[in-house]
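Okay, structure first, notes after.
The values are calculated or read from the model by the stated rules, or taken from the named source; none is laboratory data. Note that the structure is a prediction, hence the values are computed from the model and not measured. As a convention, Cβ positions derive from the backbone with ideal geometry for all residues, glycine included, and neighbour counts pool all protein chains shown. What goes into the accessible areas is simple: the full protein's heavy atoms, side chains included, and nothing from ligands, DNA or RNA. Shrake-Rupley method; radii C 1.70, N 1.55, O 1.52, S 1.80 Å.
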Amino acid sequence: QVDAVRVYVNSSSENLQYPVLFVVRQQKGVLSWQVPLIFRGLYQRTYNYQEVSRTLCPSEPTPETRPSEQIIFVDVASMAPFNIAYELLVTRLENFQLETNKAFNFTASPSQPQYFLYRFPQDVDSVIINVVSDAAYPCSVVSVQDIVCPVYDLDHNVEFNGVYQSMTKQAAITVQRKDFPGEQFFVVFVIKPEDYACGGSVPSSIHGNVNRTWNLQRTKNLQVTIVPSIKKSVYVQAMFFSFLGFLSFYLGSVVVAFVHYIRVQRKASAGRLSPEHGSGMMTSSHPISASTPEGSSYGAIDESSSSGARQLSSPERRAPAGSDTDSSVEEESDFDTMPEIESDKNIIRTKVFLYLSDLSRKDRRIVSKKYKIYFWNIITIAVFYALPVIQLVITYQTVVNVTGNQDICYYNFLCAHPLGVLSAFNNILSNVGHMMLGFLFLLIVLRRDILHRRAMEMKDIYTLDYGIPKHFGLFYAMGIALMMEGVLSACYHVCPNYSNFQFDTSFMYMIAGLCMLKLYQTRHPDINASAYSAYASFAVVISLAVLGVVFGKNDMWFWVIFSLIHILGSLALSTQIYYMGRFKIGECNMGMFRRAVMVLYTDCIQQCSRPMYMDRMVLLIVGNLVNWSFAIFGLVYRPRDFASYILGIFICNLLLYLAFYIIMKLRSSERLLPIPMFCIVATAVVWAAALYFFFQTLSSWEETPAESREKNRPCILLGFFDDHDVWHFLSAAALFFSFLVLLTLDDDLDTVRRDKIPVF
């Protein structure tokens with residue numbers, strides 16, 4: 001048991017010109033202060049205290065002295081030309097050493113800081129210091145310092161040594177035995193003279209000198225409890241759980257692929273199916289009737305139009321299929337390989353009821369090459385984006401470790417398990433699901449791509465004439481984006497804060513955008529956006545997100561400009577979708593304006609009661625209402641978390657389009673096979689569970705570090721993972737199932753002719 005001595009002094013003098021000086025001399029140190037004790041706040045405000053109480057640094061007993069004996073000299077002096085009354089009281093602290101798993105209550109103020117000693121038990125390698133208070137203010141600081149004298153226990157020097165956090169109602173610091181060679185440390189509690197550092201208000205002015213009333217106003221009751229942290233075996237269990245949990249997805253995929261292979265082989269041996277097929281699903285050996293019956297509510301064009309479309313596309317359909325390679329010399333400017341396509345495509349796309357054969361007339365090899373650019377571009381983007389991000393977060397973590405300032409990073413400190421130089425390894429480990437499932441999705445897409453190539457070599461005529469055109473470039477890009485989301489989310493959680501939150505959201509924007517592009521590409525393969533324009537659009541979005549983080553808090557002008565860009569962009573994109581790319585926004589001439597007037601007159605005046613393309617019009621009206629609502633909401637409320645606001649816009653648009661697509665698919669008498677149906681149900685269930693944990697806010701860089709720590713909660717899974725880690729696990733699985741929905745949604749059309757598949 002270590003004994004400590006506390007010195008209490010009080011002086012009624014308010015004369016700052018002649019303070020009373022107190023000097024305490026010990027065996028290994030000198031401690032001094034003055035009364036009135038002056039604290040300086042923001043804008044050079046001063047706060048004076050007549051009552052001061054300090055704990056003297058305890059000294060270890062020596063062979064020459066008895067264990068309970070300390071020699072202390074207290075010198076009192078003043079340069080005042082008159083007598084000054086003071087009070088001096090020296091007491092012995094009975095509860096100076098904190099015990100494990102035992103709460104201890106005490107009181108502190110700016111001029112009366114407290115600190116206590118803690119020694120590691122023999123079987124404990126790491127502990128968590130939990131500090132709570134019923135009152136948020138006054139703002140306080142909790143510091144962990146090595147056993148070195150003097151102890152830095154005043155507002156102006158508490159940050160000089162050790163690890164520290166600001167605090168309102170709650171604080172938690174994880175301390176490891178390896179960081180303290182003496183296997184003991186001081187826990188220091190300092191009350192700040194002002195509350196602005198913790199999010200409180202700043203006093204407008206100070207009238208005159210303030211004496212002992214400050215001691216009463218700035219007193220805070222605290223409770224500290226030191227509990228053992230997790231053992232090393234829990235780290236091992238958590239890592240096994242993370243990797244084995246997602247390896248089960250690999251096992252499930254192998255089982256599904258094997259069962260499917262057996263079924264195909266059995267049917268092939270019965271002579272009803274070919275053993276090789278394009279997409280990993282069934283492909284008929286003979287043409288069968290369309291799945292869209294005559295008289296369908298979606299409508300149909302007459303046979304002459306359909307046969308005309310087939311005649312136009314027949315040269316491409318008769319092209320050899322065995323050379324699905326990137327070695328061709330065609331570029332994107334050569335997509336329209338037939339001279340008559342440029343003159344015919346506007347006529348074809350103006351039909352009221354379009355079919356897939358009308359929008360899949362370009363050379364398959366060139367279109368496939370176009371979509372593979374998505375894959376190679378996203379790899380380039382990922383490398384150039386990730387490398388500086390990794391370098392930056394390593395610097396952040398180094399600064400935290402060197403300075404000891406734990407206000408830099410917004411962790412959930414009640415469940416932040418360090419490993420090596422990392423302060424919260426659990427938040428990084430939980431992102432392994434994105435990387436593992438992203439790689440698994442790439443393998444699944446690769447399998448389908450290989451089977452499709454084999455089918456092209458064996459039965460090219462049916463592969464070209466039936467089902468959705470198989471272009472896998474966007475799927476590969478989605479897999480890479482999912483993996484990069486895991487990498488960048490892990491980087492963000494190395495030191496989560498206001499400055500690097502965009503690292504966690506940038507590839508979320510790209511995932512949502514790629515999913516929408518893939519959904520549109522399914523039935524519009526010839527008119528989908530190029531990789532260059534798509535990634536340029538993503539770059540604009542990310543730039544707006546960065547500007548929103550910087551200027552979006554209080555600047556009204558930014559929200560006005562952004563809302564205008566949002567609304568105008570929605571209208572421009574709606575026009576392109578409604579007219580199937582025939583309305584050229586870039587053609588800024590008089591012909592464009594005359595054409596716009598004619599279009600408005602034809603579609604909005606002559607046919608106001610029933611637009612020419614009713615289904616597209618309904619989707620675009622609902623979509624514009626949703627986007628305008630987002631724009632108005634942002635303009636009125638100006639949410640501080642601008643990055644999440646942008647992400648919400650992307651997700652709502654994606655969900656709206658996916659719901660429209662599935663509804664139109666069912667309306668067109670198409671089927672949902674068991675695998676896509678399972679994926680849709682799994683996606684909905686897992687997303688619902690993931691969002692529940694996402695909204696369990698554990699920290700918030702929109703507030704001060706001290707206010708953010710009020711939201712901290714203990715671990716909920718294996719004693720290692722918190723709610724946000726569970727969100728990482730579930731969101732990775734939900735994104736994986738979402739990708740599988742897009743991959744398998746139209747497998748029922750593999751045996752349907754393209755001139756019978758409606759476009760919507």
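Looking only at segment 150-172, count how many residues are surrounded by 15 or more Cβ atoms within 10 Å (Cβ to Cβ), out of contact with any helix residue (DSSP H, G or I) (no Cβ under 7 Å at 6 or more places or on another chain) and hydrophobic (A, V, I, L, M, F, W, C). Within segment 150-172, residues that are surrounded by 15 or more Cβ atoms within 10 Å (Cβ to Cβ), out of contact with any helix residue (DSSP H, G or I) (no Cβ under 7 Å at 6 or more places or on another chain) and hydrophobic (A, V, I, L, M, F, W, C) number 4. Being in contact with a strand residue (DSSP E or B) (Cβ under 9 Å, 6 or more places away or on another chain) and in a loop (DSSP other than H, G, I, E, B) is the filter; apply it to segment 413-443 and report the residue that is nearest to Tyr374 (Cα to Cα). Residue satisfying both the conditions and the ranking: Ser430. Of the residues in segment 148-156, at least one is closer than 20 Å to Asp407 by Cα and aliphatic (A, V, I, L, M). Of all residues in segment 705-746, count the ones that are surrounded by fewer than 22 Cβ atoms within 10 Å (Cβ to Cβ) and not in a helix (DSSP H, G or I). Total meeting the criteria: 10.
Taking (1) under 17 Å from the mean Cα position of the chain (by Cα); (2) on the phi > 0 side of the Ramachandran plot in turn, Asn412 satisfies each apart from (2). For segment 720-760, the tally of residues that are modelled with pLDDT of 90 or more and more than 17 Å from the chain's Cα centre (by Cα) stands at 10. Residues in segment 692-725 that are under 25 Å from Ser166 (Cβ atoms) and of a type in the set (Gly, Ala, Ser): Ser699, Ser700, Ala706, Ser708. In this structure, does Met617 turn out to be open to solvent by 40 Å² or more (accessible area, probe 1.4 Å), touching a residue at least 12 places away in the same chain (Cβ under 8 Å) and under 30 Å from Leu568 (Cβ atoms)? So Met617 fits the description; yes.
Every residue, every condition in (1) open to solvent by 10 Å² or more (accessible area, probe 1.4 Å); (2) modelled with pLDDT under 90; (3) not assigned by the TED database to the domain that holds Phe558, yes or no:
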residue	(1), (2), (3)
Ala481	no, no, yes
Val494	yes, no, yes
Tyr498	yes, yes, yes
Phe501	yes, yes, yes
Tyr509	no, no, yes
Tyr520	yes, yes, yes
Ile527	yes, yes, yes
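Considering only segment 518-525, I want to know if a residue exists there that is under 24 Å from Thr395 (Cα atoms) and among the β-branched types (Val, Ile, Thr). No: zero hits.
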